[in-house]
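The structure under discussion appears below in the form of structure tokens.
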Amino acid sequence: MNKFEFTKELARRLHITDTAAKAFVDSYNRLVIDKMVEGEEVKLQYFGKFVPHRQPQRPGRDPRNGEYHDIPERMTIKFKVSTNVIDEMNPEEKTAKRRKVKK
């Protein structure tokens, strides 16, 4: 599903215009990006959380010519999915409902 299909489905489910759905998705994306740039986590209960992650500088090799060089440090985003979503995708095995076995 791409952004166009997503906004169409969102508009249909919420009974709003396609333009309003697109504006909502664009605002949502912008908000998540802004918070990531500020270094904040974005937690969406029952869905997951976006976490800014600093990748340290590391050695790398150019596959075209075999030369080694340092890949600079950079910021990326990690996403940790909620166990509720995992449970929805795997109804036969409830990960969030598992009990820890006491020894």
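Quick note: the coordinates plus some simple rules give every number you see, no bench work behind them. As the structure is a prediction and not an experimental result, all values here were calculated from the model. All Cβ positions, glycine included, derive from the backbone under ideal geometry; neighbour counts span all protein chains shown.
Summarising the amide proton neighbourhood of Gly48: residues at separation of 5 or more, or on other chains, whose placed amide H is nearer than 5 Å comprise Ser82. Inter-label distance, Lys43 to Thr76: 2.4 nm, where each label sits 7 Å from its Cα along the C-beta direction. Inter-label distance, Ile86 to Arg13: 2.2 nm, where each label sits 7 Å from its Cα along the C-beta direction. Considered as an equivalent ellipsoid built on the Cα gyration tensor, the stretch 58-97 has semi-axes of 41, 13, 7 Å, the largest given first.
Among the trypsin sites (Lys or Arg not before Pro) within the stretch 55-86, those in coil by DSSP and having at most 11 neighbouring Cβ atoms inside 10 Å are Arg64. Ordered by the number of other Cβ atoms lying within 10 Å of each residue's own Cβ, fewest first, Glu41, Glu67 fall into the sequence Glu67, Glu41. For the chain, the equivalent ellipsoid derived from the Cα gyration tensor has semi-axes of 32, 26, 15 Å, listed largest first.
Legend: ranking of residues Met1, Met75 from fewest to most surrounding C-beta atoms inside 10 Å; resulting order Met1, Met75.
Of Gly48, Gly39, Gly60, which is the most mobile in a GNM of the chain whose springs link Cα atoms less than 10 angstrom apart? Among Gly48, Gly39, Gly60, the largest GNM mean-square fluctuation belongs to Gly60.
Over the chain, Cα pairs under 8 Å with separation of 6+ residues give a relative contact order of 17 percent.
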